[in-house]
1. Need the full-extension length gain, residue 111 to residue 6, defined as separation in residues times 0.36 nm minus the C-alpha distance. One decimal, nm.
2. Count charges around residue 59 for me, please; just the other residues with Cβ under 12 Å from its Cβ, Lys/Arg as +1, Asp/Glu as -1.
3. Expressed in nm to one decimal, what extension gain is obtained for the pair residue 13 and residue 33 from 0.36 nm per residue of sequence separation less their Cα-Cα distance?
4. Work from the charge dipole of the chain (Cβ charges, +1 for Lys and Arg, -1 for Asp and Glu, about the Cα centre) and give the residue of 98, 28, 64 farthest towards its positive end.
5. Counting heavy atoms of the protein chains only and a 1.4 Å probe, report the per residue accessible area for region 1-117 as a whole number of Å².
6. Explain nothing, just the number: dipole magnitude of region 62-121 about its Cα centre with +1 on each Lys and Arg Cβ and -1 on each Asp and Glu Cβ, in debye rounded to the nearest 20.
7. Over the Cα atoms of region 71-121, what radius of gyration and what Dmax do you get, in Å?
8. Nearest 0.05, what FRET efficiency do residue 66 and residue 93 give at R0 = 35 Å with Cβ-Cβ as r?
Amino acid sequence: MSGDSFVERLRAQRDRHLERPRIVRFGFVIAGFTLLLAGAAMLVLPGPAFVVIPVALAILSLEFAWAGRLLERALVQAEKARVSARQTSRAVRLGFAVAIFVAVVACVVAAELWDIPVVPV
């Protein structure tokens, strides 16, 4: 699925959405802002913020042009990140894996040396 076709489908959906009754449209606005606030909270709390925020923007883009513009920018950035991740060299990936392994070993060693319980009792 390309970003352009997704945006085109959202625009077509917006045209259909504008024909809905006001109460339904108001429900979409409430749901969109609720998800957007939840996604913003998930930036600092555990949760899939980078999934929830685009979904919220997609819902809000049915009513607000600013949300559509933000969603388009987010899709462009996501595509750039995907391309960048694919272009990383094997050495960079291996270095990252080694760093994670060393960090896990350091945590285990610290837990043993300082009697930190790994599993709460």
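1. Numbers: separation 105, 0.36 × 105 = 37.80 nm, distance 4.79 nm.
Full extension of this stretch gives 33.0 nm more.
2. On the way: positive: 14, 25; negative: 63.
Taking every other residue near residue 59 into account, the sum is +1.
3. Values: separation 20, 0.36 × 20 = 7.20 nm, distance 1.85 nm.
Gain on extension, residue 13 to residue 33, equals 5.3 nm.
4. Projecting each Cα onto the dipole axis, the largest value belongs to 64.
5. Numbers: 8790 Å² over 117 residues.
Value for region 1-117: 75 Å² per residue.
6. Numbers: 7 positive and 5 negative charges, 99 e Å.
Magnitude of the dipole: close to 480 debye.
7. Answer for region 71-121, Rg first and Dmax second: 18.2, 50 Å.
8. Values: r = 38 Å, r/R0 = 1.07.
The computed FRET efficiency comes out at 0.40.
The values are calculated or read from the model by the stated rules, or taken from the named source; none is laboratory data. As the structure is a computational prediction, the values presented were derived from the model and not from experiment. As a convention, Cβ positions derive from the backbone with ideal geometry for all residues, glycine included, and neighbour counts pool all protein chains shown. Ligands, DNA and RNA are stripped out before the accessible areas are found, and what is left, the full protein with its side chains, is counted by its heavy atoms. Shrake-Rupley method; radii C 1.70, N 1.55, O 1.52, S 1.80 Å.
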